[in-house]
Amino acid sequence: MKLSGWGRYPVLEARVYRPRSMDALRDLVLSEPNLIARGNGRAYGDSAINTSATIETSYLNRMIDFNPASGQLVAEAGVLLGDIITAFLPRGWFPMVTPGTKFVTLGGAIAADVHGKNHHKDGSFRSCVDWVDVMGPDGAVRRCSPYDDAALFDRTLGGMGLTGINLRAAIRLRSVETAWIRQTTIAAPNLKAAMATFETAQDATYSVAWIDCLGTGTNLGRSLVMLGEHAVRADLSPQKAQTPFRIKAKRKLSVPIDFPAFALNSLTVRAFNALYYWAGARKTGTQLVDWDSYFYPLDAILGWNRIYGRKGFAQFQCALPLDRSEAGLTALLAEIATAGSGSFLAVLKRFGKQDSAFSFPMEGYTLALDFPAMQKTLALLERLDQITIAHGGRFYLAKDSRMSAATLSASDTRAADFHAHRDSHGYTSRFRSAQSERLDL
Amino acid sequence: MTKPPVLILGARSDIGKAVAHKFATLGHPIQLAARNASALEADKTDMELRYGVSVSLHEFDALTTAMHEAFVAGLPELPRIAVCAVGLMGQQAENERDVAEAVRVMRSNYEGPASILALLANRFEEHGSGTLVGISSVAGDRGRATNYVYGSAKAGFTAFLSGLRNRLAKRGIHVVTVLPGFVATQMTEGMDLPAKLTAEPSEVADAIARAVERKKDVIYVRTIWRLIMLIIRNIPERIFKRMKV
């Protein structure tokens, strides 16, 4: 069947299996020449596509155990973060680390070692993972943790499913008093101000900025920085405090059709960005926001990836080291503004420390943008790659769909070690994705 | 308010599991019945963790009709809603060659399901309330060369459900006939099904819960199927017999 990532680019013809049991899965691992696991298909590009055998884990999605004393949940890889929230938020628990969509699986979150708005404080997904069960090329299952088989653990977190099939994991949830977030919005007129805001807000649990990537001159990098804290019961109105975990059910919007290509052009995007900034700038201050709107604003619009039309879109996300962030971001934003190919969803975030074999984050700043997949923008993305490399940065594989192997090796010296490790453990021939082949991982 | 138990027959099937999850979400205790029920231990734990409802496992073989009475008597509590997701598609080519295999398909889709629902219907009747849900198939709407053995058994089951509904309507017992159309399940894996006509098991489950709540009689899961089958049923036989459908 035709398969693509969330960006709907590229689209590949792939054979898909949905095993119902561990035995069926093992049979596939042993009989297929090579394969890759796929969770809920939220990686943007071709990370979870193997044209000869893509193994969907949608039927390996059971919760196995929960310890209310420690908040440790043991579950199979196909469980969605959204399922975990549905089951455990009413009991006072929330994921320790969550990306911008709740429609990711546990196995996928581990493979991409996803990060959230609290990376500067709590690190990547890895920091809530106690152990992972991984099925290797021989069909045997190994349990790895920071203490046991740490070499496997280190490369499975962020390893894009290239160390084996993530089967089960134990993760720690965060205890929360309510389902609400106290959000503070700060308007930053330019990049320098936005970065200064992040630096002074290091103690905030959550921080993220929406950045207007079409601002130029003195407006370059103008942003709305949003800080957040889990609200405690006392923060809620007496009425809400009665049922602190209940939020109003949302109307689900969905994008029923592919937008025509002309719907997103530099004019509409420029208008949207300007409006968004001024609307946000008028509403600065602190307000209570429910968890779903705060963490997953785009999840409310099912199929939002269709606004980019049938050809799909390409994401760009890089991380820059702290000392070169300002120079790098300035160069990137200037290049984007000159090209006039803005994006609705440009996000800037301060990363904290990260120490991993192959995970994406590094201490510094990360910038994420998306562009319709057209010749013109693909050329722009190549230029953004070069600027990133020149400033010592690297790229997020969960979002990549078009980078070259040379770009990867120039941006990330760890790729060679990762590849060598794969070779020496017999992973390279067995666990492959369209992306790993493109990037020669 | 405690909700009444829901019995799922054929609980190891993808649709059976999805229906179990749906009713568990709504707070109903769940009785899972299937062959080799102990294989559902992990699903039981999963549902109990997710929804905080109690889940029990019950050995049940639709084809061993002599044991159906004992099976119903052995349930910890009489369910108020019973959903039958038992079925077997088989291979049409094999069904044409091998009579024994064809009979197994017929019994799995008609005799077994009808037998257990007949017994439950009588118990519900004594009790004066209850809902029976039978998952039949659009294949039963008209026999086609590609799957008429399966289709004929489903046709029988559809007629059985219709008769049961007619008999019990005055007694406060509701019968729902579900005609899912294509569903992406283990049964159809590897078949090249058109995406727009193919439902996920969870859609079938949502449709069933809605039909139970609103007392619908016959439901198609994706409404397009109502139109498709209307057309297929109305093609004159003279033309239909030459068609490849």
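The values are calculated or read from the model by the stated rules, or taken from the named source; none is laboratory data. Here the structure is a predicted model, which means the values were calculated and not measured. Positions of Cβ are backbone-derived with ideal geometry, glycine not excepted, and every protein chain shown enters the neighbour counts. Heavy atoms of the whole protein, side chains included, go into the accessibility calculation; ligands, DNA and RNA do not. Shrake-Rupley method; radii C 1.70, N 1.55, O 1.52, S 1.80 Å.
Values for this structure:
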quantity: Unmet criterion (only one of (1) under 24 Å from A:Thr205 (Cα atoms); (2) at pLDDT below 70; (3) not hydroxyl-bearing (Ser, Thr, Tyr)) for A:Pro244; calculated: (2)
quantity: Segment A:4-17, subset open to solvent by less than 50 Å² (accessible area, probe 1.4 Å), in contact with a helix residue (DSSP H, G or I) (Cβ under 9 Å, 6 or more places away or on another chain) and more than 18 Å from A:Leu302 (Cα to Cα), residue nearest to the other protein chains (Cβ to nearest Cβ); calculated: A:Ala14
quantity: For B:Thr2: the one exception among (1) touching a Gly at 6+ places or on another chain (Cβ under 9 Å); (2) closer than 17 Å to B:Ile135 by Cβ; calculated: (2)
quantity: The listed residue being out of contact with any helix residue (DSSP H, G or I) (no Cβ under 8 Å at 6 or more places or on another chain) and in contact (Cβ under 8 Å) with a residue 60 or more places away in the chain, out of B:Arg242, B:Arg144, B:Arg233, B:Arg226; calculated: B:Arg233
quantity: Residue check, A:Ala415 surrounded by fewer than 21 Cβ atoms within 10 Å (Cβ to Cβ), of a type in the set (A, V, I, L, M), under 26 Å from A:Val104 (Cβ atoms) and out of contact with any His (no Cβ under 8 Å at 6 or more places or on another chain); calculated: yes
quantity: Candidates A:Arg20, A:Arg42, A:Arg38 - the one that is under 23 Å from A:Lys117 (Cβ atoms) and touching a helix residue (DSSP H, G or I) at 6+ places or on another chain (Cβ under 9 Å); calculated: A:Arg42
quantity: Any pair with Cβ under 8 angstrom, 6 or more apart, that starts in segment A:415-441 at a residue that is more than 22 Å from A:Lys399 (Cα to Cα) and ends at one that is assigned to a helix (DSSP H, G or I); calculated: A:His421/A:Ala151; A:His421/A:Arg155; A:Tyr427/A:His421; A:Arg430/A:Val29
quantity: Test set (1) of a type outside the set (Lys, Arg); (2) surrounded by fewer than 20 Cβ atoms within 10 Å (Cβ to Cβ); (3) over 25 Å from A:Thr243 (Cβ atoms) - A:Thr86 fails condition number; calculated: (3)
quantity: Options A:Gly41, A:Gly45; residue that is under 26 Å from the mean Cα position of the chain (by Cα), free of Cβ contacts under 8 Å to residues at least 40 places away in the same chain and either more than 13 Å from chain B (Cβ to nearest Cβ) or open to solvent by less than 30 Å² (accessible area, probe 1.4 Å) (or both); calculated: A:Gly41
quantity: Search result, residues across segment A:48-78 that are under 23 Å from the mean Cα position of the chain (by Cα), farther than 15 Å from B:His21 by Cβ, facing another protein chain (nearest Cβ under 10 Å) and surrounded by fewer than 22 Cβ atoms within 10 Å (Cβ to Cβ); calculated: A:Val74
quantity: Helices (runs of 4 or more DSSP H) wholly inside segment B:176-245 that include at least 2 residues being surrounded by 12 or more Cβ atoms within 10 Å (Cβ to Cβ) and in contact with a strand residue (DSSP E or B) (Cβ under 6 Å, 6 or more places away or on another chain); calculated: B:201-214
quantity: Within segment B:1-45, tally of residues that are over 15 Å from B:Leu75 (Cβ atoms), β-branched (Val, Ile, Thr) and at pLDDT 95 or above; calculated: 4
quantity: Filter result (under 13 Å from the mean Cα position of the chain (by Cα) and either within 14 Å of chain A (Cβ to nearest Cβ) or outside any helix (DSSP H, G or I) (or both)) within segment B:159-175; calculated: B:Val175
quantity: Output for segment B:32-46, where each listed residue is at the interface with another protein chain (Cβ under 10 Å from one of its Cβ atoms) and in contact with a strand residue (DSSP E or B) (Cβ under 6 Å, 6 or more places away or on another chain); calculated: B:Lys44, B:Asp46
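To keep it simple, each residue is scored yes or no on (1) open to solvent by 50 Å² or more (accessible area, probe 1.4 Å); (2) more than 28 Å from A:Val74 (Cβ to Cβ); (3) within 14 Å of another protein chain (Cβ to nearest Cβ).
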site: B:Gly16; (1), (2), (3): no, no, yes
site: B:Val19; (1), (2), (3): no, no, no
site: B:Lys22; (1), (2), (3): yes, no, yes
site: B:Glu48; (1), (2), (3): yes, no, yes
site: B:Ser56; (1), (2), (3): no, no, no
site: B:Glu59; (1), (2), (3): yes, no, no
site: B:Ala66; (1), (2), (3): yes, yes, no
site: B:Glu77; (1), (2), (3): yes, yes, no
